[in-house]
Amino acid sequence: MTYLTKLLLALGVVLAFGLAAPEVQAQVNPTERSVNEDALFQALGSNAPITGRVTIPDQAAGALIKPENKAWAVLQGQTLHTLSIWAVVGMVALLAAFYAVRGKIRIDSGPSGRTILRFNAIERFAHWTLASTFIILALSGLNLIIGKTMILPLIGENAFGTLSAWGKIAHNFLAWPFMAALIMIFLLWVIHNVPSKIDLEWIKQGGGLFKKGVHPPARKFNAGQKVIFWAVIIGGAGLSWTGIMLLFPAEAGAPADWQFFQIIHALIAAGLSAIVIAHIYIGSVGMEGAFDAMGSGEVDENWAKEHHSLWVEEVKTSQSRNNAQASTPAE
Ligand code: HEM
């Protein structure tokens with residue numbers, strides 16, 4: 001082979017490869033600016049923002065995690081965690097101490113055997129819808145805050161995963177019947193929960209909760225129940241508003257606003273749960289005869305006279321008025 005032939009052959013090979021692979025040369029080297037995991041973890045541990053590249057006009061979207069997001073994660077993981085546990089454990093301990101000292105609050109004059117209608121079917125339906133949805137919402141919400149550290153180690157990853165997935169679905173969907181029931185009990189009971197002078201006397205006497213035989217007068221709801229009512233209404237409305245913002249983050253605004261709603265949501269939930277635990281105690285094991293009001297709807301007359309004397313008088317007066325009207329012959 002002559003020198004010229006060799007040269008032409010070499011030129012042909014170079015040209016053939018050069019023309020066949022123009023695509024490869026034009027491509028971006030994919031590893032040249034890929035994520036460096038070390039740098040990412042360092043940024044995660046420090047106070048620096050974690051940013052990436054975006055090709056959309058909103059360059060702010062490139063910031064994956066900002067310092068304020070980290071502050072929120074710490075607040076969520078530590079402060080809210082501790083607060084939620086203490087709200088529940090603290091109230092249970094307080095009630096256990098109260099039970100140890102005072103015992104079950106009995107009907108002092110004993111049951112009479114006669115009953116009086118306290119809550120009709122609509123009122124009980126609204127109450128139990130509110131109560132059952134609230135309890136599931138509270139437990140599934142608490143799982144989001146303390147589940148990973150307290151429940152996961154107890155039941156393992158698989159069970160915890162299933163529980164949390166169902167909990168999330170329940171939380172998102174039961175919020176709606178909770179809100180409907182909240183509106184119902186507001187409409188049904190607001191008229192009985194307007195503060196009045198009688199409440200001051202009830203508060204002065206500690207509602208008779210701490211001393212046997214003490215029974216301050218009360219209408220349908222005493223001052224303590226009015227506090228529960230307004231806590232449930234105001235707290236429930238706050239939970240509903242912040243909850244809707246969490247369900248529809250686009251409405252909530254910036255991620256920082258979303259985190260603000262999450263903190264308020266968790267704080268109200270912790271406070272209201274503690275109040276509701278006290279309510280459940282007094283409405284069940286804490287007071288003889290109380291549960292019947294929401295069970296059958298009928299309470300013992302002596303229970304009613306001891307705890308809601310003015311309400312009993314009102315009911316009796318209106319009953320005798322109705323009886324008198326019924327027995328008056330039509331003209
Ligand atoms: C197993 C749980 C519960 C039991 C045993 C229970 C029991 C009762 C009872 C017996 C009453 C009537 C008291 C009376 O005759 O004056 C009542 C009223 C009421 N309940 Fe419940 N309840 C429970 C859960 C809840 C929950 C979770 C909420 C709210 C989230 C709630 C909200 C209310 C409100 C606002 C009232 C009227 C105000 C008051 O009596 O304090 N209840 N409940």
Original post:
Which residues, counting only those in region 262-299, are touching a residue at least 40 places away in the same chain (Cβ under 8 Å), open to solvent by 50 Å² or more (accessible area, probe 1.4 Å), assigned to a helix (DSSP H, G or I) and more than 10 Å from the ligand (Cβ to nearest atom)?
Top reply: Leu267
Subject >> Index of the failed condition, Ile151 passing every other in (1) under 15 Å from the mean Cα position of the chain (by Cα); (2) open to solvent by 30 Å² or more (accessible area, probe 1.4 Å); (3) among the β-branched types (Val, Ile, Thr) >> reply: (1)
**OP:** Scan region 128-142 and report the pairs whose first residue is touching a residue at least 60 places away in the same chain (Cβ under 8 Å) and under 16 Å from Ile85 (Cβ atoms) and whose second residue is in a helix (DSSP H, G or I) and more than 8 Å from the ligand (Cβ to nearest atom), with Cβ atoms within less than 7 Å and a gap of 6+ or a chain change.
**Re:** Ala138/Ala269; Ala138/Ser273; Gly141/His171; Gly141/Ala269; Leu142/Ser84
**OP:** Within region 300-309, identify whether any single residue is farther than 30 Å from Ile65 by Cβ, surrounded by 17 or more Cβ atoms within 10 Å (Cβ to Cβ), in contact with a strand residue (DSSP E or B) (Cβ under 9 Å, 6 or more places away or on another chain) and aromatic (Phe, Trp, Tyr), and answer yes or no.
**Re:** yes
Original post:
Of all residues in region 217-226, which are within 8 Å of the ligand (Cβ to nearest atom) and either assigned to a helix (DSSP H, G or I) or at pLDDT below 95 (or both)?
Top reply: Gly224, Gln225, Lys226
**OP:** Pull up region 163-179, narrow it to residues that are more than 15 Å from the chain's Cα centre (by Cα) and open to solvent by 80 Å² or more (accessible area, probe 1.4 Å), then point me to the one that is nearest to Leu239 (Cα to Cα).
**Re:** Trp166
**OP:** Specify the residue that is most open to solvent (accessible area, probe 1.4 Å); the eligible residues are those in region 184-199 that are over 18 Å from Arg124 (Cβ atoms) and in a helix (DSSP H, G or I).
**Re:** Lys197
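The values are calculated or read from the model by the stated rules, or taken from the named source; none is laboratory data. Just so it is clear, the model here is predicted, and its values are computed rather than measured. Heads up, the Cβs are rebuilt from the backbone with ideal geometry, glycines too, and the neighbour counts pull from every protein chain shown. These area figures cover heavy atoms from the full protein model, side chains too; ligands, DNA and RNA do not enter into them. Shrake-Rupley method; radii C 1.70, N 1.55, O 1.52, S 1.80 Å.
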